[in-house]
Every structure is written in structure tokens, then in C-alpha cells.
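Report on one structure; see the data block that follows.
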Amino acid sequence: MQVVLADNQAIFRTGTSRVLALEDDIHVAAQCSDEERLKEAVGALRQSVVIFPSSISRDLHDLLDWIEQANSRSVMILEHGTDADESVLQRVEGVVLRSVAGPQLVECIHRVAAGERSVQRATIKPMPSPDRVGARVVQRLTPKELQIIALVTDGAKNKDIATQLNTKEQVVKNYLRSIYDKTGVSDRLELALYTVHHRALAEAIELAHPLRSKRA
């Protein structure tokens, strides 16, 4: 199946495209960083599954009009701590949380492409098969490290993370070195991809996310 992937966070977009590239029956035909490029891709690549974040447009109904006119189907990524308008939820075929794990996203895409609806609500339910690797990594990570991973997967730079956590940029760099050692990755992109693959870690950073905590 043909997929159009849009996200304003480069790390998430690239990490997700790598996950989808592992699937023999999924082809990422376009990657878009904003609404304008997304609409161009939707118009050019009809009958696609279009994946986009809820934050990419101020008028999601207009975007959904474009997708429907192209005879395509929609999967919306719901941002942390936000609730989509119920009228939007009624129109999209699929909804996943920003912290969605790779296998769950792939399952959602397959269901949507088959003409079904797949909506993941804010409450995350445990997977039937435990993510033992992810769970072991979570046990090794400190609460502060989980917060930093949450912000990294949101696309935040070190300076922004330092501001958000009221610390120094060098301290964030030190934390990242520790995180890389504990997870076995070498950079931010691999960290985002690792998080997408491991549901236990995705759940943990969803709960630890500093923006979510402030709204709770």
C-alpha cells in the first residue's frame, strides 16, 4: 500500500519512515514537513493512507476534505495532552498517540487500508505480549532521563530541553550520553526509532512527559 507521511518533527518522521520501510507491503511514497507540502502530496498521490499529526493544520476538516477528495484514507497522530474535536474523530479512519509503538502503528495502517477504523484513545492498554526488552531498559532509566527521551522524540533541541527542565544544556548532553549507553543507540534519531519499536518505553515516556504532567 502507498503511504503519505507528514509530521513537523523530523526525528519522528524519519524514525517512523524507517519502521514502515521494514514492511514489505508498505511504501512511503512521500514525506512532508508542513500542511502545504502535505496537500500537494495528497493531490499527486491518490488512494493513499495519509498519516499526519493533529497539530499540522488549524483546520483539520479542510485537510480531511483534501484527503477524501483524493480517495485516500487518514491516520491522525494525536499530540501529547490534547484531545481532538469529536467531529474530527468521526471523520478520520485511524487515530494513534504520539508515543505509539511501531507494531501498533503498522497494525493501524493495515486496518485502515482494509477499510476498517482503528482509534487509539488516551488510555494506553497493555499489549498481549509484554515488551520485556523495553521493560528492562525502562528499569535502568531515571525519571529525568525518561523526561528527556519524551522531549527528544518530540523533536526538541538540547537548548529547548534545558529550558523546559530548568537545567543547563551541558547537563542535558550528559544525560543523553547516559541514555545512549543504557539503550544501546548512538544518536537522537536512533533513540526515536528505538522508542517507536519498544512499547514499554513508549508508555513510560508518555507518563513521564513534562508537558503532560503539567496538565495532569
Can you find even one residue in the stretch 96-114 that is over 14 Å from the mean Cα position of the chain (by Cα), buried (at least 19 other Cβ atoms within 10 Å of the Cβ) and assigned by TED's automatic domain parsing to the domain that holds Ala21? yes
For Ser33, work out the one condition from (1) farther than 17 Å from Gly102 by Cα; (2) at pLDDT 95 or above; (3) not hydrophobic (A, V, I, L, M, F, W, C) it doesn't fulfil. (2)
Restricting the stretch 139-167 to residues that are surrounded by fewer than 20 Cβ atoms within 10 Å (Cβ to Cβ) and among the β-branched types (Val, Ile, Thr), the residue that is nearest to Asn8 (Cα to Cα): Thr163
Of residues in the stretch 45-56 being part of a loop (DSSP other than H, G, I, E, B) and at pLDDT below 95, the one surrounded by the fewest Cβ atoms within 10 Å (Cβ to Cβ): Ser55
Looking at the structure I just gave you, is His80 modelled with pLDDT of 95 or more and assigned by TED's automatic domain parsing to the domain that holds Arg18? no
If we scan the stretch 17-39, do we find a residue that is in contact with a helix residue (DSSP H, G or I) (Cβ under 7 Å, 6 or more places away or on another chain) and more than 21 Å from Val106 (Cα to Cα)? yes
Across the stretch 162-177, what is the number of residues that are free of Cβ contacts under 8 Å to residues at least 24 places away in the same chain, in a helix (DSSP H, G or I) and either over 15 Å from Leu141 (Cβ atoms) or touching an Asp or Glu at 6+ places or on another chain (Cβ under 8 Å) (or both)? 6
What pairs come up if the first residue lies in the stretch 91-106 and is under 14 Å from Gly15 (Cβ atoms) and of a type in the set (Lys, Arg), the second is buried (at least 22 other Cβ atoms within 10 Å of the Cβ) and modelled with pLDDT of 85 or more, and their beta carbons are under 7 Å apart, counting only those six or more places apart or on different chains? Arg98/Ile77; Arg98/Leu78
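The values are calculated or read from the model by the stated rules, or taken from the named source; none is laboratory data. Small disclaimer: the values here were computed from a predicted structure and weren't measured. Neighbour counts are summed over all protein chains in view; Cβ atoms, including those assigned to glycine, are modelled from backbone coordinates with ideal geometry.
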